[in-house]
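The values are calculated or read from the model by the stated rules, or taken from the named source; none is laboratory data. The structure displayed is predicted, hence computed values, not measured ones. Ideal geometry is used to build each Cβ from the backbone, glycine not excepted, and the neighbour counts take in all protein chains shown. With ligands, DNA and RNA removed, areas are computed over all heavy atoms of the protein, side chains included. Shrake-Rupley method; radii C 1.70, N 1.55, O 1.52, S 1.80 Å.
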Amino acid sequence: MSEPRRSTWQFAGQAFTFGPLPKLMGIVNVTPDSFSDGGKFVDRDRAVEHALQLVEQGADILDIGGESTRPGATPVAADEELRRVIPVIERLSTQTQVPISIDTTKAAVAEAALTAGATIINDVSGLEYDTGMVSVAAASDCGVIIMHMRGTPQTMQNDPVYGDIVAEVRDYLAGRLAELKRAGIAPERIVLDPGIGFGKTAAHNIELLSNIAALQQLGRPVLIGHSRKRFLKKLIGRDVDERLSGTIGVAIALAEQGVDILRVHEPQPVRDALLAWATIRSHGGHNQ
């Protein structure tokens, strides 16, 4: 295993420090159609309650999204997305100290979310879909998560082809880092996400998940969102509601490679497994 890197993520006047175990980002989908839990938390009170439960279970960050990005998802208008997420963020910002991330590709939604109390923009388009997103991020001191995606949620799974998936994703993220730095967004504010399941086959996903070191060469924290995703069906043959064990198995493999953040639906079992793994590992080899 590679030794954990002691890196920091600087945003909103704080230094978010990483340690020997990955931080956990809890997923709050305020949507009717997300692939895993669509419709469960559309109601504001239920969404807030769920988010606070995720914090109790060990979530270090809350990621609030009002538009599904599952393959083939229908786009959502900005006013509807705002209606879904802003009341949730406003409530949560007064009830928890955990940083709140807005999962959106729209500059207007990101800007309103930052005003409401979010301190991170998580954009699956790498801040490319909306021409105003870079300006919103640059004008703020927020954290920024940039992700790689081939195509759009409507087209991304239409026979994605790569020559060298790891090199192409790494080069894309390196290019975005450089462009955002030129736009006034310091690299210290940025986290990188290779976009597991976004315009990639199961084989592509596995290749990326096995080569985290290539992404770490870019010198920024790495986030992986693999929880319950479709490629796990290829690995373990389970439907979406039966993929927790597979999610945990991949989480341990990623922790071994020093991944900084894991975006998950169920923080507690993932954290428990990581703590157990780390404890055994730290005591290994003493009697050899």
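General remarks:
- On the beta carbon distance between Ala77 and Asp171, with R0 = 41 Å, the FRET formula returns roughly 0.75.
- Where N is the number of residues in the stretch 18-159, Cα Rg divided by 2.2 N^0.38 Å: 0.99
- Only DSSP H runs of four or more residues enter the estimate; each adds -39500 (n - 2.57), and after division by the residues of the chain the mean residue ellipticity at 222 nm equals -12000 deg cm²/dmol.
- Theoretical FRET efficiency, 1/(1+(r/R0)^6), r = Cβ-Cβ of Ala139 and Gln10, R0 22 Å, to 0.05: 0.85
- Under Stokes-Einstein, with the Kirkwood radius over Cα pairs as Rh, the value for the stretch 99-203 at 37 °C and 0.692 mPa s is 233 µm²/s.
- Computed with a 1.4 Å probe on the full set of protein chains, the accessible area for Glu256 sits at about 80 Å².
- Lysine pairs with alpha-carbon atoms under 19 Å apart, the chain, spacing 8 or more or separate chains: 4
- Dimensions in Å of the chain - Rg and Dmax from alpha carbons: 17.8, 62
- Relative contact order (percent, whole number), the chain, Cα cutoff 8 Å, 6+ residue spacing: 20 percent
- Of all DSSP beta bridges in the chain, antiparallel share, percent nearest 5: 15 percent
- The alpha carbons of the stretch 50-128 occupy a box of 33, 25, 21 Å along the principal axes, longest dimension given first.
- Protein-only accessible surface order, largest first, of Ile206, Ile252 at 1.4 Å: Ile206, Ile252
- Shape of the stretch 148-277, Cα gyration tensor, a/c cut at 1.5: oblate
- 3J(HN,Hα) along the stretch 137-146: 5, 5, 6, 10, 9, 6, x, 9, 10, 10 Hz, from the Karplus curve 6.51 cos²θ - 1.76 cosθ + 1.60 with θ = phi - 60°, whole Hz, x for Gly and Pro.
- A 1.4 Å probe run over the stretch 32-134, with the rest of the protein chains in place, finds 40 Å² accessible per residue.
- Theoretical FRET efficiency, 1/(1+(r/R0)^6), r = Cβ-Cβ of Glu256 and Asp45, R0 30 Å, to 0.05: 0.15
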